[in-house]
Amino acid sequence: MAYGGMATALPYPDRFYAGAAYAGLSATSPGNVDSLKSSSLGLSDDTILLLYGLYKQATVGPCNLPKPWSWNVIDLAKWTSWNQLGRMDSMEAMRLFIRTLEEDDPSWWSKAQELDKEVTLDTEEMDNEKLVVEVELNGEINVEDTPTAVVPSESNDLLKVNGIFSTAEVEDVAEGIRAIAVYNEWVSPTVTGRRPSARYQHAAGVVDNKMYIIGGNHIGHYLNDVQVLDLKTLEWSKVDKVPQSPLSLQQKQSPYWFPPCAGHSLVRWGTKLLAVAGHSKEPVDTVIVRAFDTHTMTWTILDVYGQSPIARGGQSVTLVGSTLVMFGGEDSKRHHLMDDLNILDLESLTWEAIETSGTRPSPRADHVAAVHGDRYLFLFGGGSRSNCYNDLYVLDLESMEWSQAQTQGTVPSPHAGHAGATIGNSFYIIGGGDNKSGISDTLVLNMDTLVWSLVASVKGQTAISSEGLSVLVVEDSLVAFGGYNGHFNNQVHVFRTFPPERLQSKILKSPAAAAAAAFAAPQPVLSSPLNGTSSLSPDPEETVSESRAVPESVQENLDGEQLREEPECALDDSATGKKLALVLKVNEELQEATLAAQAECAKLQNELAMAQFNSSELEQELHSVRGQLAAEQSRSFRLEVDVAELREKLQSIEILQKELDLLQHQKAASEEAVIQAAQKQSTGVWSWLAGSPPDSNGVED
């Protein structure tokens, strides 16, 4: 390409925002596409509209705005350009934007470098010290009102966009994960120190810019170590066990270290990390909540009140205000999955079992949950002994009513053992498995619009496509550790997300930036994410009415333009009439096609609802049949045990029968001998009475 090498060196999304600033599209522009023409770019109308649509798709997402009135030609053209992109991925829209700009203006980067740029950085990021940086063509930087001048060099890993170095994070950008200049991709940074043993089903938390890894499963052995990664120096260290003397039972302070455990949850509460539930070798009947003090490096057991839930592992625990919301999991004996909801008030330390209504999730473990707006609990995925799920449920924490959300976009595959993290209204889903293989996709759910998007996909068998990994949010980044995908991992991976509004604030806006400001910010969502009315989005009728309203100033301009155009139109009424008739005809055809598509969509939605209803009934029937099958299997097992016992008794009877036969034979022989002896004695008496001489051996009287 003819543009300079710096543009090719810029990674996405930096390259996209540099091109958008050059084309006059930015978050602060007033929103008039005609401003692009005044920027002397020499772009055609079709290219301008295409660039506008791609910019909106990349920064806002799919078009959710109502169609403008047909008389508003400019707004209709902009809406059509954006709407026709459908569900195109944000990164794909960025790449297509740059490709289109390069085709029409191959030297855009060289032209952009000819402009002097001045940036006013965020005063909050610089500890309220205003820093104004002027970047000239020769690369020199003049710093005004700055205690220390920053001179970029080839060794500096500073973010550079359109020749601008962001010095708002100079002190930290070269340290830790901030030194990573790759966005929207998983990278494995270089770490020092002795790495922890490979593991999965561990728990992780961040306190004071340090990531704590606690416990886990290593080749079937439960772990109880505490490993620490300094996120500034990326150096590993291990917390040594602090000897503790047994204290009174009233204080509930354990004289022992955290027991070997896996499948537990870790939640930050001030400077402490709360370890909730988990599988261990200790014989416990209820959930135990332990607290790790990151200052004293000691463990304590919280003395809780109320009815403690049944001991379990693989549950989800979410911090909502000053309460912990726990759902599901698998009991400590790994016999049953649960679908109960329990809440622990961290101020009163009291457990409460919550009765919910609506369509609640099926019993499951290894799922993830996130809270949105301190009111809605989103729960995704998980698994049972034979199935993995990709369903999404929403719990209204005020009414305690469950509903199954209907989502759009890239449908996730069934997940279990995955990790979840939230940044703003984005709910990230990372890793996991589906009972067949690890899942390499990183997905994000917009919790306002309920639209799924694929943001990254790793290649090969990496730690990201693992089950039982941990993912934490550190500022604008996701930090992952561990997992199991055929082998145990102990690697650290980082995924840097860069909000468009933050990056755009550091890019110089050209005079033509007035092109699309009115449409740069996301518009209110017209549909609720729940099955019914929700406070997550404004009232649909109010939103539509506001979007249809025409400002007075705009109406006056339109009326003026119409008045000015009337004399020109009178010169060629026939040509204008033909064009108008053609436009009206095309408009009617488009409206008819739209109505037909809407009818077809409604039909498909009805069919989908019916299919989901049938599926729910079949699932309930399947659950009932499985219960009956389990009962029959138990009955069959009992019958087999009874048959075995009867066989043993039958063998005993046969032995007794043989002994009886032998005794009867001996008895018969004895009786026969007695009879013969009696007969002989009887014969001797009769011969004596008859006068026969006595036997020679006899004795005379």
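The condition of being in contact with an Asp or Glu (Cβ under 7 Å, 6 or more places away or on another chain) and small (Gly, Ala, Ser) holds for residue 417.
For the range 51-104, a residue qualifies if it is among the polar types (S, T, N, Q) and surrounded by fewer than 20 Cβ atoms within 10 Å (Cβ to Cβ), and the qualifying residues are 64, 70, 72, 80, 83, 84, 100.
The range 43-159 holds helices (runs of 4 or more DSSP H) entirely within its bounds, and those carrying 1 or more residues that are at pLDDT 85 or above and touching a Cys at 6+ places or on another chain (Cβ under 6 Å) map to 73-83. Of the set (1) of a type outside the set (Val, Ile, Thr); (2) open to solvent by less than 20 Å² (accessible area, probe 1.4 Å); (3) at pLDDT below 95, all apply to residue 421 but (3). Taking the range 481-497 as the range and being aromatic (Phe, Trp, Tyr) and either touching a Leu at 6+ places or on another chain (Cβ under 8 Å) or crowded, with 22+ Cβ neighbours inside 10 Å (or both) as the test, the residues that pass are 481, 484, 495. State yes or no: is residue 347 touching a strand residue (DSSP E or B) at 6+ places or on another chain (Cβ under 7 Å) and acidic (Asp, Glu)? No; evaluated as a whole, the condition is false for this residue. Among the conditions (1) at positive phi; (2) touching a residue at least 60 places away in the same chain (Cβ under 8 Å); (3) not hydroxyl-bearing (Ser, Thr, Tyr), residue 374 misses just one, which is (2).
Taking the criterion of being within 13 Å of the chain's Cα centre (by Cα), open to solvent by 10 Å² or more (accessible area, probe 1.4 Å) and under 22 Å from residue 91 (Cα atoms), the only residue of the range 466-480 that qualifies is 473. Evaluated against (1) within 19 Å of residue 430 (Cβ to Cβ); (2) crowded, with 18+ Cβ neighbours inside 10 Å; (3) in contact with a His (Cβ under 9 Å, 6 or more places away or on another chain), residue 229 falls short on exactly one condition, (3). I'd like to know if the range 365-378 contains one or more residues that are among the hydroxyl-bearing types (Ser, Thr, Tyr) and part of a strand (DSSP E or B). Yes, the range 365-378 has at least one match. Among the residues making up the range 357-388, a single one is more than 19 Å from residue 317 (Cβ to Cβ) and surrounded by 22 or more Cβ atoms within 10 Å (Cβ to Cβ): 388. Can you find a residue that is under 26 Å from residue 307 (Cβ atoms), touching a strand residue (DSSP E or B) at 6+ places or on another chain (Cβ under 6 Å), aliphatic (A, V, I, L, M) and in contact (Cβ under 8 Å) with a residue 60 or more places away in the chain anywhere in the range 350-364? No, the range 350-364 contains no residue that is under 26 Å from residue 307 (Cβ atoms), touching a strand residue (DSSP E or B) at 6+ places or on another chain (Cβ under 6 Å), aliphatic (A, V, I, L, M) and in contact (Cβ under 8 Å) with a residue 60 or more places away in the chain. Considering the conditions (1) in contact with a strand residue (DSSP E or B) (Cβ under 8 Å, 6 or more places away or on another chain); (2) open to solvent by 20 Å² or more (accessible area, probe 1.4 Å); (3) in a loop (DSSP other than H, G, I, E, B), residue 406 is excluded by exactly one of them, (1).
Taken as a whole, the range 588-599 holds no residue that is within 30 Å of residue 335 (Cα to Cα) and polar (S, T, N, Q).
The values are calculated or read from the model by the stated rules, or taken from the named source; none is laboratory data. It should be emphasised that the depicted structure is a prediction, and the values quoted were computed from it without experimental measurement. Glycine also receives a Cβ, built like all others from the backbone with ideal geometry; neighbour counts cover every protein chain displayed. Protein only, heavy atoms only, side chains kept; ligands, DNA and RNA dropped before computing areas. Shrake-Rupley method; radii C 1.70, N 1.55, O 1.52, S 1.80 Å.
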